[in-house]
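Heads up: the structure comes next, in structure tokens.
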Amino acid sequence: MLGKTKPEVLVVGAGPVGLMAALTLAKQDIPVAVVDREWRTGAHSYALALHPRSLMLLAELGLLEEVLDTAYRVRRVGIYDARTRRAEVRLAAPGDAALPLAVMRQDVLERMLEDALRRAGVDVLWNHAVSRLVPQADGAVATVDTLVKESVGYAVARTEWVVARSQDVHVPFVIGADGHRSLVRRSLDIDFPEVGPAQHFAVFEFATDLDLSDELRLIVGEETTDVLWPLPDGHCRWSFQLVDEAVPPSTRTKDRIPVDIGGARYPRLDLGWLRELMSQRAPWFSGKVERIFWRIMVRFERRLATAFGRDRVWLAGDAGHLTGPAGMQSMNVGLREAKQLAEMVAGVVRHGEPVAQLREFDAQRLAEWRSLLGVDGPWTCDKQADPWLGALADRLIPCLPASGTDLRAAAKQLGLQPHDPSSP
Ligand SMILES: Cc1cc2nc3c(=O)[nH]c(=O)nc-3n(C[C@H](O)[C@H](O)[C@H](O)COP(=O)(O)OP(=O)(O)OC[C@H]3O[C@@H](n4cnc5c(N)ncnc54)[C@H](O)[C@@H]3O)c2cc1C
């Protein structure tokens, strides 16, 4: 027993992807339990944009209006070198009423999904960590530890999380949405190899007086790709790619405390360095820096699981793939795979469809990510396309805020197309 009912599906991880999977199941009246070892949702903006395709999924769950009320709408990607604007990708036709790219902090999205899940009758079980998972023919046995805070230390008192209770729960299905260090993936013995070099970024969010209009700006230098995002409330985010500093892997861990502790943790990320980076990489940026409210250095690895699960235990989101930050592809494709997986699992639980059909999920996920990460071969360039863009294809594709057919349509505007795996 976990929570109020005996679940048919255990979702491990209450990040955006786990919440999306749980909400999809709850809306279909499938008994679901969601556990997370942390004490609350994330506290910062992280993957801060929802692709139009993600908005369509949220519309099906009745959340579109709420998102659009909060979000900043972006409709174009401007591609710059250090001095000039070289190309544009329209995410929707001019004057088109089509869904925009919705810029919204990830913590706001997570709270919205958690509230919707609660309204659907499911409370996230925070402070519940899965410490062991044993896949079986009819499901899996999960060891779930309930964590509590306890005072420890003598000379200097402090608190730490300890295991108050441990229980073994048998569940017919598990969805592992437990992030890049996924225990679910490890319990299946699935490898998570690197498929490209890691990238390192310095990220600053601040208030500015500059009107950034409806444009996301990519600034492509010889070795770096920097990104300028407009945010709601007159804020913006600059992400500067670093080539001469390696950031440790631990930086890709979500913080649960909303204050900016970056100033102390990363003393180098000060106003002076921000100004230096802006003047070197985007001298055209004339906006004031009115108040830095979040700063961080992050390492983004590029990894792809060798499978997305098997039988009755499956993966979605960062548990299965990692990519660079600019196109927000990890979270957005993760939302799509959470929905697809939850619907397929609901088909088995509710309508007795064969478990074997989930192999199709595995095949589709691997194919999409191999293309997104350029594993099968680089994207190619039309003869008429700007050769500057053609030479940058493998850097630009992960930066476009789209996936699937939308990504193909966006890339086509630059004269780029996916590698055809059937050609040599
Ligand atoms: C500092 C930072 C900046 C980022 N910036 C960007 C960006 O600019 N662009 C971008 O696209 N992406 C960015 N990301 C990545 C983005 O946040 C992730 O892609 C997104 O959160 C993935 O969602 P998810 O639900 O798959 O995994 P997560 O959000 O990682 O959620 C996984 C959840 O599982 C829980 N969990 C893990 N193990 C267990 C266990 N054993 N038992 C129970 N619970 C468990 C964790 O506590 C966590 O809540 C950033 C991330 C960080 C940390």
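Any chance the range 304-313 includes a residue that's basic (Lys, Arg), open to solvent by 10 Å² or more (accessible area, probe 1.4 Å) and either in a helix (DSSP H, G or I) or more than 16 Å from the ligand (Cβ to nearest atom) (or both)? Among the residues of the range 304-313, at least one is basic (Lys, Arg), open to solvent by 10 Å² or more (accessible area, probe 1.4 Å) and either in a helix (DSSP H, G or I) or more than 16 Å from the ligand (Cβ to nearest atom) (or both), which makes the answer yes.
Among the residues of the range 317-331, the ones that are more than 7 Å from the ligand (Cβ to nearest atom) and either farther than 19 Å from residue 218 by Cα or among the acidic types (Asp, Glu) (or both) come to 3 in all. In this entry, residue 354 passes the filter for residues that are modelled with pLDDT of 95 or more, touching a helix residue (DSSP H, G or I) at 6+ places or on another chain (Cβ under 9 Å) and over 20 Å from residue 17 (Cα atoms). Taking the stated definitions as given, is residue 19 crowded, with 22+ Cβ neighbours inside 10 Å and in a helix (DSSP H, G or I)? The answer is yes for residue 19.
Among what's in the range 20-46 and is near the ligand (Cβ under 10 Å from one of its atoms) and touching a Gly at 6+ places or on another chain (Cβ under 9 Å), pick the residue that is nearest to residue 299 (Cα to Cα). Break it down stepwise before answering.
The first filter runs over the range 20-46 and keeps only residues near the ligand (Cβ under 10 Å from one of its atoms), leaving 20-21, 34-42, 44-46.
Those still in the list that are touching a Gly at 6+ places or on another chain (Cβ under 9 Å) too: 20-21, 34-37, 41-42.
Working: 20: 25, 21: 27, 34: 28, 35: 26, 36: 23, 37: 23, 41: 21, 42: 18 Å.
Only one residue fits best here, namely 42.
Residues in the range 33-47 that are hydrophobic (A, V, I, L, M, F, W, C) and open to solvent by 10 Å² or more (accessible area, probe 1.4 Å): 39, 47.
Look at residue 291 and say whether it is open to solvent by 70 Å² or more (accessible area, probe 1.4 Å), modelled with pLDDT of 90 or more, basic (Lys, Arg) and farther than 29 Å from residue 410 by Cβ. If you could, list the steps in order and put the result at the bottom.
Numbers: open to solvent by 70 Å² or more (accessible area, probe 1.4 Å): yes; modelled with pLDDT of 90 or more: no; basic (Lys, Arg): yes; farther than 29 Å from residue 410 by Cβ: yes.
Here the answer is no, as residue 291 does not meet what is asked.
The helices (runs of 4 or more DSSP H) found wholly in the range 331-424 and carrying at least 1 residues that are touching a residue at least 12 places away in the same chain (Cβ under 8 Å) and farther than 30 Å from residue 11 by Cα occupy 387-391, 393-396, 404-412.
Of everything listed in (1) over 19 Å from the mean Cα position of the chain (by Cα); (2) open to solvent by less than 30 Å² (accessible area, probe 1.4 Å), the single unmet condition for residue 102 is (1). All of 379, 388 fail the test of being in contact with a helix residue (DSSP H, G or I) (Cβ under 8 Å, 6 or more places away or on another chain) and within 19 Å of residue 418 (Cα to Cα), apart from 379.
Within the range 83-97, count every residue that is open to solvent by 40 Å² or more (accessible area, probe 1.4 Å) and of a type in the set (Gly, Ala, Ser). Count: 3. When residue 405 is tested against (1) of a type in the set (Val, Ile, Thr); (2) farther than 27 Å from residue 172 by Cβ; (3) surrounded by 15 or more Cβ atoms within 10 Å (Cβ to Cβ); (4) under 24 Å from the mean Cα position of the chain (by Cα), only condition (3) is not met.
Summed over the range 53-81, the residues that are within 16 Å of the ligand (Cβ to nearest atom), assigned to a helix (DSSP H, G or I) and open to solvent by 10 Å² or more (accessible area, probe 1.4 Å) give a count of 2. Counting the residues of the range 7-25 that are in contact with a Lys or Arg (Cβ under 8 Å, 6 or more places away or on another chain) and at positive phi gives 0.
Here's a check for you: in the range 202-216, which residue that is farther than 16 Å from residue 325 by Cβ and of a type in the set (A, V, I, L, M) is most open to solvent (accessible area, probe 1.4 Å)? Break it down into steps so the answer makes sense when it comes.
If we filter the range 202-216 for residues that are farther than 16 Å from residue 325 by Cβ, which is where we start, we get 206-215.
Retained after the next criterion (residues that are of a type in the set (A, V, I, L, M)): 207, 210, 212.
Working: 207: 18, 210: 57, 212: 8 Å².
Checking each candidate, the answer is 210.
Listed conditions (1) outside the structural domain of residue 27 (by TED's automatic domain parsing); (2) within 11 Å of the ligand (Cβ to nearest atom); (3) open to solvent by less than 20 Å² (accessible area, probe 1.4 Å) are all met by residue 274, apart from (2). Just to be sure, is residue 227 in a strand (DSSP E or B) and modelled with pLDDT of 90 or more? Considered against the rule, which asks whether it is in a strand (DSSP E or B) and modelled with pLDDT of 90 or more, residue 227 comes out as yes.
The values are calculated or read from the model by the stated rules, or taken from the named source; none is laboratory data. No experiment lies behind these values; they were computed from the predicted model shown. Counting neighbours? That spans all protein chains shown, and the Cβs are built from the backbone with ideal geometry, glycine included. What goes into the accessible areas is simple: the full protein's heavy atoms, side chains included, and nothing from ligands, DNA or RNA. Shrake-Rupley method; radii C 1.70, N 1.55, O 1.52, S 1.80 Å.
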